[in-house]
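Engineer: Handing you a structure now.
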Amino acid sequence: MLVSGAVLVLKAAAHLPEAWSLRKVALEGGKVTNEANKMSSNQSKTIADHRKMISDRDKVIADHRKMTDDHGKMIADHDKVINHRSAMKSIGQDNEISNSTMIFYVKQGYLLPELRQVAIIELYLLTQTRRFLMPKKSIDQRLLEAKVTIENALSDSEILGLVTPFGYDEARLIAAKTARDNAEMLHQKQKTEYGEQHAATGILEQGQAQANKEYMRCVKLGRVGLKDNTGALLKLGLVGRRKEDIAGWLIQVKQFYSNALADPAIIADLAKVGVLQERLEAGQQLYEAVEAAKLTQEKERGDAQQATLDRNNAVAAVAEWKADFTVIARVALEDKPQLLEKLGIFEAS
């Protein structure tokens, strides 16, 4: 038996080099497999990146096509406007009238239907050009310019006689003066209302600062005097942080004073730390003053906002009237530039 075992050992030893070679091959094969897997992963990532690049390229192409379409539309619109302006020019030459006069005609309804759209576009172009090129003016400046135009037109019989045939007679100018004066009154009212709102805000802030100072003293003392009474702490709202916004502050302060004064046991416990009933009542009065001040502030805020809306609408109406009248005046006083200057209408430099 020993001899047979030895023979087997010798035979196995004879095959060791071959076994080691096979193991080495297996290890090398594993490395190759890992490298192949790594290359496959990198290839997948490359493919994904390539697809993303294609997607991005398609998006750029789509955006470019949209820009091209928009540009084409702008060119078409531009050509349409040029055609309209050419039509306007030919109409003006044939009838010996200016474009500004044509604008007046379209507003008065004198044009034939086939010419009306052309003139409306011209009016729109003039309005938009004025809106974008003219510097923005203050309300005071707008009202002053309107006053100069209206009052000088009314006081000068020559000007009045020249603009009357265009629909701007004395009655219409007087109505415009009334509208301008009303806009000025509303402008002053708006300033007054905002002044009152500012004053109400100052009273509110001052009153809240005073009331909060006393309230916070009571909060600190109350937390000590009621530290063993969790129910009372919760009832007075003494647990947690203090609210900073005015709405939350009003709720917390009201909860403290109202509930404290309604509970004799709490009044007794607070008195032990120096918060007497008289002090609670005084603090509640401070709170009520702040609450009233807040209501007043909100009222003044609403009045100021309404005054602003009324003022803006009135001023816009005056500005629109003056813009229309300026177009008419340039036509009616075309040969009398000194009269245009008297109305505060100057040629653009």
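The values are calculated or read from the model by the stated rules, or taken from the named source; none is laboratory data. A quick note: this is a predicted structure, and the numbers were derived from the prediction, not measured. Note that each Cβ is placed from the backbone with ideal geometry, even for glycine, and that neighbours are counted across all protein chains shown.
Residues are listed down the side, and each one gets a yes or a no for (1) surrounded by 14 or more Cβ atoms within 10 Å (Cβ to Cβ); (2) touching a residue at least 40 places away in the same chain (Cβ under 8 Å); (3) closer than 28 Å to Gln141 by Cβ:
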| site | (1), (2), (3) |
| --- | --- |
| Thr178 | no, no, yes |
| Glu184 | yes, yes, yes |
| Gln188 | no, no, yes |
| Glu193 | yes, yes, yes |
| Gln197 | yes, yes, yes |
| Gly202 | no, no, no |
| Lys213 | no, no, no |
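Engineer: Can you pull out every residue in the stretch 154-163 that is free of Cβ contacts under 8 Å to residues at least 60 places away in the same chain and surrounded by 15 or more Cβ atoms within 10 Å (Cβ to Cβ)? First the steps, then the outcome.
Structural biologist: Of the stretch 154-163, the ones free of Cβ contacts under 8 Å to residues at least 60 places away in the same chain are 154-155, 157, 160-161.
Leu154, Leu160 - these are the residues of the stretch 154-163 that are free of Cβ contacts under 8 Å to residues at least 60 places away in the same chain and surrounded by 15 or more Cβ atoms within 10 Å (Cβ to Cβ).
Engineer: Among the residues of the stretch 254-268, is any at pLDDT 95 or above, of a type in the set (Phe, Trp, Tyr) and over 40 Å from the mean Cα position of the chain (by Cα)?
Structural biologist: yes
Listed here are the residues, each with its yes/no results for (1) polar (S, T, N, Q); (2) buried (at least 18 other Cβ atoms within 10 Å of the Cβ); (3) not in a loop (DSSP other than H, G, I, E, B).
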{"position": "Ala232", "(1), (2), (3)": "no, yes, yes"}
{"position": "Arg242", "(1), (2), (3)": "no, no, no"}
{"position": "Ile251", "(1), (2), (3)": "no, no, yes"}
{"position": "Lys254", "(1), (2), (3)": "no, no, yes"}
{"position": "Asn259", "(1), (2), (3)": "yes, no, yes"}
{"position": "Ile267", "(1), (2), (3)": "no, no, yes"}
{"position": "Val275", "(1), (2), (3)": "no, yes, no"}
{"position": "Glu278", "(1), (2), (3)": "no, no, yes"}
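Engineer: What are the residue pairs meeting all of these: first residue in the stretch 312-331, first residue without any contact (Cβ under 8 Å) to a residue 60 or more places away in the chain, second residue exposed (fewer than 15 other Cβ atoms within 10 Å of the Cβ) and of a type in the set (Val, Ile, Thr), Cβ atoms under 8 Å, and 6 or more apart or on different chains?
Structural biologist: Close Cβ pairs satisfying both conditions: none exist.
Engineer: Taking the stretch 306-335, which residues are of a type in the set (D, E, K, R), under 20 Å from Arg172 (Cβ atoms) and surrounded by 13 or more Cβ atoms within 10 Å (Cβ to Cβ)? Reasoning before the result, please.
Structural biologist: Step one: filter the stretch 306-335 for residues of a type in the set (D, E, K, R), giving 310-311, 320, 322, 324, 330, 334-335.
Checking the rest, the ones that are also under 20 Å from Arg172 (Cβ atoms) come to 320, 322, 324, 330.
Those that are of a type in the set (D, E, K, R), under 20 Å from Arg172 (Cβ atoms) and surrounded by 13 or more Cβ atoms within 10 Å (Cβ to Cβ): Lys322, Asp324, Arg330.
Engineer: Please go through (1) surrounded by 16 or more Cβ atoms within 10 Å (Cβ to Cβ); (2) farther than 30 Å from Lys189 by Cβ for Glu288 and return the number of the only condition it doesn't satisfy.
Structural biologist: Failed condition: (1).
Engineer: From the set of residues in the stretch 215-230 that are of a type in the set (Lys, Arg) and either assigned to a helix (DSSP H, G or I) or in contact (Cβ under 8 Å) with a residue 24 or more places away in the chain (or both), which is farthest from Gln297 (Cα to Cα)?
Structural biologist: Arg223
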